[in-house]
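Worksheet: the structure to be examined is printed underneath.
The values are calculated or read from the model by the stated rules, or taken from the named source; none is laboratory data. Every value quoted in this text rests on a predicted model; they were computed, and no experiment measured them. Every residue, glycine among them, receives a Cβ derived from its backbone with ideal geometry; neighbour counts consider all protein chains shown.
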């Protein structure tokens, strides 16, 4: 059995080899058939890859050609004016008309202050104005009255001077007459004394009667007495002339003083009137200020927008300048875009822009309005000091204001602070 087994094994091995030979031939035939197919697949794959590269290159080229005419940034936001509303006078709030997020128009009432204190001040100002007007009305007639009084006083002083001059002239004439009488009386006295001496000699010789001698003696005494009288009259006339001259000097001095004081007195009256006019203007200003303060008791909206940050509460005491609320002017908005300084080479005012607002997922059209005058770091409260120590160059950003085109749908939904992505067409 072992021999049979050994003889049967080669037979089986031969049959196996016969079986494997056709199989190897068929595998080689398959590999030779698959080789062209794999080459074709590889070629088509390379073709597709090359096409993709070409398309990608063309796309990149087209994108570059397009993108080089545009500058965009995501560092931008919707901006607008936030108007703080405060009170211009001290007062107590008695009514608040608005709430946060309420839309208001220009002139809408916002807050009322207690007007009674300011009404009292306005009434006092009215009374002061009436008093100033009456004082001015009482002072104005003093100017013509003073002019008339000055003219009258001057004319009266001139008349006194003329009268004093006439009195001096009359006294001088009286003195001259008295002096002439003295001369006459001296001649008469000399003649009487001469007659007395001659008749005395005759009387001693008894050539004339006693009665004749007594008559000549009496006449001589009478002439001597008359001479003394006229001499005394001359002295009296001279004293009268001196008195009249002194009076003349006095009235002349009074005339000069009156003429000199006339103009200053008139100026004083004019100054008094001007002072009263100034008091009147002051009273009018006080009244106007009081009326303004009374009007300030009602605070109205100076701009249209949405109320925010309302601090005003009924009953609270507020001081002048204290902020009560804020109005966001949503009707006048723009975009503030902080572009890199390297993006501003070709950017100019007037260039068109497209703004995408994230919260609305909508695009708006606009144009470049202005380009900032300094970088954000320079305009900050604590600007960087690059001259100290280490320095790292950082690309700076400059704010660009982009105005939105009017009458666009959705503008009423924009609010200051919303994020935006502007794209500017730089040509």
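For the reader, a short list of remarks on this structure follows.
- Meets criteria (over 15 Å from residue 91 (Cα atoms) and not assigned by TED's automatic domain parsing to the domain that holds residue 109) for residue 329: no
- Any hit, the stretch 57-65, residues being loosely packed, with under 10 Cβ neighbours inside 10 Å, at pLDDT below 85 and not in a loop (DSSP other than H, G, I, E, B): yes
- Matching entry among 337, 301, 312 (being crowded, with 19+ Cβ neighbours inside 10 Å, in contact (Cβ under 8 Å) with a residue 60 or more places away in the chain and within 16 Å of residue 399 (Cβ to Cβ)): 337
- Residue in the stretch 105-116 that is surrounded by 11 or more Cβ atoms within 10 Å (Cβ to Cβ), in contact with a helix residue (DSSP H, G or I) (Cβ under 8 Å, 6 or more places away or on another chain) and farther than 28 Å from residue 326 by Cα present: no
- Here the stretch 315-328 is the region considered, the condition is being under 26 Å from the mean Cα position of the chain (by Cα) and in a loop (DSSP other than H, G, I, E, B), and the residue that is surrounded by the most Cβ atoms within 10 Å (Cβ to Cβ) is 322.
- Scope the stretch 89-104; condition out of contact with any helix residue (DSSP H, G or I) (no Cβ under 8 Å at 6 or more places or on another chain) and either surrounded by 13 or more Cβ atoms within 10 Å (Cβ to Cβ) or in a strand (DSSP E or B) (or both); matching residues: 90, 92, 93, 94, 95, 96, 97, 98, 102, 103, 104
- Test result for residue 359, loosely packed, with under 14 Cβ neighbours inside 10 Å, touching a helix residue (DSSP H, G or I) at 6+ places or on another chain (Cβ under 9 Å) and assigned by TED's automatic domain parsing to the domain that holds residue 82: yes
- Selection count, the stretch 251-298, where residues are more than 46 Å from the chain's Cα centre (by Cα) and either within 30 Å of residue 94 (Cβ to Cβ) or touching a residue at least 60 places away in the same chain (Cβ under 8 Å) (or both): 6
- Test: residue 280 is in the same structural domain as residue 145 (by TED's automatic domain parsing), within 28 Å of residue 86 (Cβ to Cβ), part of a helix (DSSP H, G or I) and in contact with a helix residue (DSSP H, G or I) (Cβ under 6 Å, 6 or more places away or on another chain): no
- Residue 395 vs. criteria in contact with a helix residue (DSSP H, G or I) (Cβ under 9 Å, 6 or more places away or on another chain), loosely packed, with under 12 Cβ neighbours inside 10 Å and either modelled with pLDDT of 95 or more or more than 30 Å from residue 115 (Cβ to Cβ) (or both): yes
- Given (1) within 19 Å of residue 290 (Cα to Cα); (2) in a strand (DSSP E or B), number of the condition residue 121 does not satisfy: (2)
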